[in-house]
Amino acid sequence: MKKKKLKILVSLFALNSITLYLYFSSHPDHFRHKSQENHFPNTGNRFYSSENHHNFHSSITSQSKPWPILPSYLPWSQNPNVAWRSCEGYFGNGFTRQIDLLKTSPELHRKNIPGAGGGWFRCFFSDTLQSSICEGGVIRMNSERISMSRGGEKLETVIGRGEDEELPVFKYGAFEIEVNDRKKIGKKLTDDEFLKKYLPEGAISRHTMRELIDSIRLVGVDEFHCSEWIEEPSLLITRFEYANLFHTVTDWYSAYTASRVSGLPSRPHLVFVDGHCETQLEETWRALFSSLTYAKNFSGPVCFRHAILSPLGYETALFKGLTEQIDCNGASAHDLWQNPNNRKTARLSEFGEMIRAAFGFPVDRQNIPRTTTGPNVLFVRREDYLAHPRHGGKVQSRLSNEQQVFDSIKSWAMNHSECKLNVINGLFAHMSMKEQVRAIQDASVIVGAHGAGLTHIVSAAPKAVILEIISSEYRRPHFALIAQWKGLEYHPIYLEGSHADPLVVIDKLSSILKSLVC
C-alpha cells in the first residue's frame with residue numbers, strides 16, 4: 001500500500017514538473033527580461049521623484065501589475081525569420097528590423113556610474129505593417145513645449161471644444177535625451193530620411209508618433225534637470241478616435257503589442273500624450289495597464305528611465321484589414337505551438353484573454369459558455385449617448401426596428417421548448433466596461449446590428465457564435481474579420497435597407513442554437 005502511494009506521489013511530482021517546464025519553455029520572454037535588465041537599468045522598478053536622477057539607489061518595490069497567465073499566449077521573443085505578411089507579421093512580433101539611433105554603454109550602467117551611460121533610443125520596424133515600435137531611456141518630456149488642452153476633464157465641462165485643441169503639436173525640444181558626447185549636444189535625434197523610411201506617414205494625415213520623435217533634442221548632463229523621475233517602463237500614447245470602441249480597441253492592441261515586443265517584465269504605466277477628456281473607455285485602459293495619467297497633468301519636466309512609443313491604432317492589422325486582404329484564420333495556441341502555420345494566429349485570442357484577465361475574469365474556458373439555466377443570447381444594442389465634446393448625443397440607426405427585433409427574440413425564447421434560453425439586453429452605453437466584457441464572455445450567441453459595440457467580440461469565448469445584422473448602408477467587414485482572425489463562427493444577415501424581418505432573424509438564431517445542441 002505504501003509503495004502504491006509512493007508511486008502516485010512520484011507520478012504527480014513528475015506531471016507537475018513537466019507542466020512547469022512546458023509553461024516556462026513557452027514563455028521564454030520571462031528569461032529574456034532578466035538579460036535585458038543588464039542593459040537598461042531600473043526599467044522595471046517603481047515611480048520615483050527626485051530633483052537629481054543620480055540619487056535613485058534605494059530599496060524599491062514595484063508598483064507595476066504582473067502579466068496574467070493566458071492560455072493563448074505564445075512567445076513574443078524576436079524571430080528574424082518571421083515571414084513578410086504572415087499572420088505573425090501582422091498580429092505578433094513582425095518588428096524584426098532593429099535600428100539603434102542612440103547607443104549608450106551597458107557596461108557603464110552595470111557599474112552604476114551616475115550619468116556615465118547617458119540616454120539611448122532605438123526602433124523596431126515591421127516590413128509587414130510598415131510601422132515601428134520605438135523605445136528609449138533617460139528621456140525628458142517638457143509638457144510646456146506641447147501645445148494641446150490639459151486632458152482628462154469631465155466631458156460636461158468641455159462641450160464644444162475643437163478636436164485640434166486636443167491633439168498635440170510638438171515644439172522642438174518637447175522631448176530630450178541626455179547624452180555625454182559633446183559633438184551630439186544640441187542636435188536632433190534623427191533626420192527626415194530616417195522618419196520617411198521607418199515611420200512612413202502612409203495614409204495617416206497626422207502621424208503624431210513621427211512628430212514626437214522629430215521633436216527630440218539631445219542635451220548634455222548639465223542641462224538635464226527633472227522635477228520628477230518615472231523609474232518604471234511607461235507607454236506614451238496619442239489617441240485619435242478615442243471615444244469609439246473599435247478605434248480604441250486598435251489602440252489597446254497596439255499598446256499591448258508594444259509592451260510585449262519591448263519584452264517588459266510587467267505591465268507598463270500609461271501616459272496619454274493628448275488632451276482628450278475622460279470617456280467610459282478609460283476603465284479598460286486602467287484595467288489593462290498599471291496606471292494612467294495625462295502628459296499635461298505633470299508639473300514641470302518629467303523624466304523617464306524607460307519610455308516606449310506605441311504605434312497609432314491605424315497601423316495595426318485590425319485597421320489595415322479593412323482595406324487590404326489579411327489572409328489569416330484563428331487557431332488555438334496549442335495547435336500552433338505543435339504545428340506552426342503562417343496563415344493562422346492565436347494573437348487575437350490572446351489579446352481577448354488579456355482584456356478578460358485584466359478585469360479579473362477566468363480565461364480558461366474552452367467550452368460553450370452556459371449559465372446553470374441555459375445558454376445566453378446577447379443582443380448588443382445601439383443607444384443614444386454623449387460620446388465626446390463634438391457629439392450631439394444621437395447615434396445613427398443601423399437597424400430601424402431594433403426594439404421590435406429584440407422583443408420578438410425575447411418572446412420566442414420564452415416559448416423555446418428545446419432548452420432554456422437567456423436573452424440578454426446589451427444596453428452597453430449604460431453599462432460599465434467590466435459589465436460589458438462579462439456579458440460578452442458569458443454569451444453563447446452574440447447578436448447585433450453593425451456598430452462599434454460588436455468590437456467586444458475580441459473578448460468572446462472560443463465557441464461563441466456571432467450573428468451580425470447588416471443594413472445596406474453599412475456593409476463593412478470589421479466584425480467578420482475579427483471573427484475570422486479569432487476563429488469564431490460568424491453569420492451575417494444582409495438587409496435591403498435598415499429594416500429586418502424578425503422571423504428571418506429568429507430562424508437564423510434557431511439554426512445556430514441547434515448546432516449548439518439546443
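Exactly one of (1) closer than 22 Å to Ala358 by Cα; (2) in contact with a Lys or Arg (Cβ under 8 Å, 6 or more places away or on another chain); (3) open to solvent by 60 Å² or more (accessible area, probe 1.4 Å) is unmet by Ser444. Its number?
(3)
In region 143-156, how many residues are of a type outside the set (D, E, K, R) and at pLDDT below 95?
Count: 1.
Examine region 266-280 for a residue that is among the β-branched types (Val, Ile, Thr), outside any helix (DSSP H, G or I), touching a strand residue (DSSP E or B) at 6+ places or on another chain (Cβ under 7 Å) and at pLDDT 95 or above, and state whether such a residue exists.
yes
Filter region 76-106 for residues that are open to solvent by 50 Å² or more (accessible area, probe 1.4 Å) and assigned to a loop (DSSP other than H, G, I, E, B); which is farthest from Asp327 (Cα to Cα)?
The residue in question is Lys103.
Looking at (1) open to solvent by less than 20 Å² (accessible area, probe 1.4 Å); (2) modelled with pLDDT of 75 or more, which one does Arg381 not meet, given that it meets all the others?
Of the numbered conditions (1) open to solvent by less than 20 Å² (accessible area, probe 1.4 Å); (2) modelled with pLDDT of 75 or more, the odd one out for Arg381 is (1).
Looking only at residues that are in a loop (DSSP other than H, G, I, E, B) and touching a Ser or Thr at 6+ places or on another chain (Cβ under 9 Å) in region 422-454, which one is nearest to Leu288 (Cα to Cα)?
Start the filter on region 422-454 by keeping residues that are in a loop (DSSP other than H, G, I, E, B), which leaves 427, 431-432, 442-444, 450-451.
Now narrow it down to the ones that are touching a Ser or Thr at 6+ places or on another chain (Cβ under 9 Å): 442, 450.
On the way: Asp442: 20, His450: 26 Å.
Step by step, filter region 422-454, then rank; the result is Asp442.
What are the residues in region 494-518 that are hydroxyl-bearing (Ser, Thr, Tyr) and closer than 13 Å to Leu399 by Cβ, if any? Show your work before the answer.
So in region 494-518, the residues hydroxyl-bearing (Ser, Thr, Tyr) come out as 494, 498, 510-511, 515.
Matches in region 494-518: Tyr494, Ser498.
Let me spell it out: the conditions are (1) under 24 Å from the mean Cα position of the chain (by Cα); (2) surrounded by fewer than 20 Cβ atoms within 10 Å (Cβ to Cβ); (3) in contact (Cβ under 8 Å) with a residue 24 or more places away in the chain, and Glu232 meets all of them except one. Which number is the exception?
(2)
Under 8 Å between Cβ atoms, at least 6 apart or on separate chains: pull out the pairs that start in region 277-295 with a residue that is within 11 Å of Tyr242 (Cβ to Cβ) and open to solvent by less than 10 Å² (accessible area, probe 1.4 Å) and end on any residue that is aliphatic (A, V, I, L, M) and in a helix (DSSP H, G or I).
Cys277/Leu155
For region 456-476, which positions are open to solvent by less than 50 Å² (accessible area, probe 1.4 Å), of a type outside the set (A, V, I, L, M, F, W, C) and assigned to a loop (DSSP other than H, G, I, E, B)?
Ser471, Tyr474
The values are calculated or read from the model by the stated rules, or taken from the named source; none is laboratory data. Quick caveat: nothing in here was measured; it's all calculated off a predicted structure. Cβ atoms come from the backbone with ideal geometry, glycine included; neighbour counts cover every protein chain shown. Quick note on the areas: whole protein, heavy atoms, side chains included, nothing else; ligands and nucleic acids left out. Shrake-Rupley method; radii C 1.70, N 1.55, O 1.52, S 1.80 Å.
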